[in-house]
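Chemist: Could you have a look at this structure, given as structure tokens, before my questions?
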Amino acid sequence: MLKFNSKKLFLQEEIVIDPYIPIEIKWGDWNEIMEGTHYFRLGDFKKSLLEIGVGSNTGIIRSVTLVETNKVSLNSVKEDSHLINNEYGVPVFDISAVKEKGKVDVYCNLEVNLFGNKLLLKFREDEVDKCIHSGRVIFGANKLNELCYIKVAGLSDEETMELKDSLSYL
């Protein structure tokens, strides 16, 4: 599973909502020749797939792409407003377990929740102990620093409608 190693200062994220790939988030500009990308793929690999790309040398987050989901819930999430361990920056993940192929597949139950102006991509049921805020994206981790969810907050009304439409086609 993806485990936080540290955090870096800020990189600007770009959020793209598309009819075919519901949401893709990218951080910074990178050169694949200088540093490749390792991919952590989460889901059941038939009806759900979330792909998280990290720098192959640094472990810095590069991308999050929701490729497929068969289960979308609307307005069914309670907020974690009691969290006190909030940090700010770009997550850096431990990539020591990644083999040379640069891909780790994690079979899990991927939950997609769209509520208010937020999108929650949840893949672990653990209690969240801390959050790393990177612009409009929030990464929730348990006490072992393992990634439990990714939340996109502050979606505009237009982004929310586009996302609802895109998710309805999956």
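Chemist: Within region 57-68, can you find the residues that are under 17 Å from the mean Cα position of the chain (by Cα) and either closer than 18 Å to G89 by Cα or modelled with pLDDT under 90 (or both)?
Modeler: Residues satisfying the conditions are G59, I60, I61, R62, S63, V64.
Chemist: Looking at region 1-41, which of its residues are under 21 Å from Y169 (Cβ atoms) and not charged (D, E, K, R)?
Modeler: Within region 1-41, I15, V16, I17, P19, Y20, I21, P22, I23, I25 meet the criteria.
Chemist: Among the strands (runs of 3 or more DSSP E) contained in region 1-67, which hold 3 or more residues that are of a type in the set (A, V, I, L, M), within 17 Å of R136 (Cα to Cα) and out of contact with any Pro (no Cβ under 9 Å at 6 or more places or on another chain)?
Modeler: Result: 13-17.
Chemist: Same structure again: Of everything in region 128-170, what is of a type in the set (V, I, T), touching a residue at least 24 places away in the same chain (Cβ under 8 Å) and under 21 Å from I21 (Cα atoms)? Give them in sequence order.
Modeler: V137, I150, V152, T160
Chemist: Give me a count of the residues in region 92-127 that are more than 14 Å from V72 (Cβ to Cβ) and in contact (Cβ under 8 Å) with a residue 24 or more places away in the chain.
Modeler: 16
Chemist: What are the pairs, 6+ residues apart or on separate chains, where a residue within region 1-24 that is under 17 Å from S96 (Cβ atoms) and touching a residue at least 24 places away in the same chain (Cβ under 8 Å) has its Cβ under 6 Å from a residue that is of a type in the set (S, T, N, Q) and not in a loop (DSSP other than H, G, I, E, B)?
Modeler: The qualifying pairs do not exist here.
Chemist: Give all pairs with beta carbons closer than 7 Å in which a residue from region 70-89 that is closer than 18 Å to H133 by Cβ and of a type in the set (G, A, S) meets a residue that is at pLDDT 65 or above and assigned to a loop (DSSP other than H, G, I, E, B); count only pairs at least 6 apart in sequence or on separate chains.
Modeler: Note: pairs meeting the criteria are G89/L9; G89/F10.
Chemist: While we're on this one: Could you identify the single residue in N113, N117, N142 that is surrounded by fewer than 17 Cβ atoms within 10 Å (Cβ to Cβ) and modelled with pLDDT under 95? Working first, answer last.
Modeler: Details: N113 fails: surrounded by fewer than 17 Cβ atoms within 10 Å (Cβ to Cβ); N142 fails: surrounded by fewer than 17 Cβ atoms within 10 Å (Cβ to Cβ).
From the options N113, N117, N142, the qualifying one is N117.
Chemist: If G89 satisfies all but one of (1) surrounded by fewer than 13 Cβ atoms within 10 Å (Cβ to Cβ); (2) modelled with pLDDT of 80 or more; (3) out of contact with any Gly (no Cβ under 8 Å at 6 or more places or on another chain); (4) not basic (K, R), what's the number of the condition it fails?
Modeler: Going through (1) surrounded by fewer than 13 Cβ atoms within 10 Å (Cβ to Cβ); (2) modelled with pLDDT of 80 or more; (3) out of contact with any Gly (no Cβ under 8 Å at 6 or more places or on another chain); (4) not basic (K, R) one by one, G89 breaks only (1).
The values are calculated or read from the model by the stated rules, or taken from the named source; none is laboratory data. Everything numeric in this text was worked out from a predicted model, so none of it was measured. Virtual Cβ from ideal backbone geometry, glycine too; neighbours counted across all protein chains shown.
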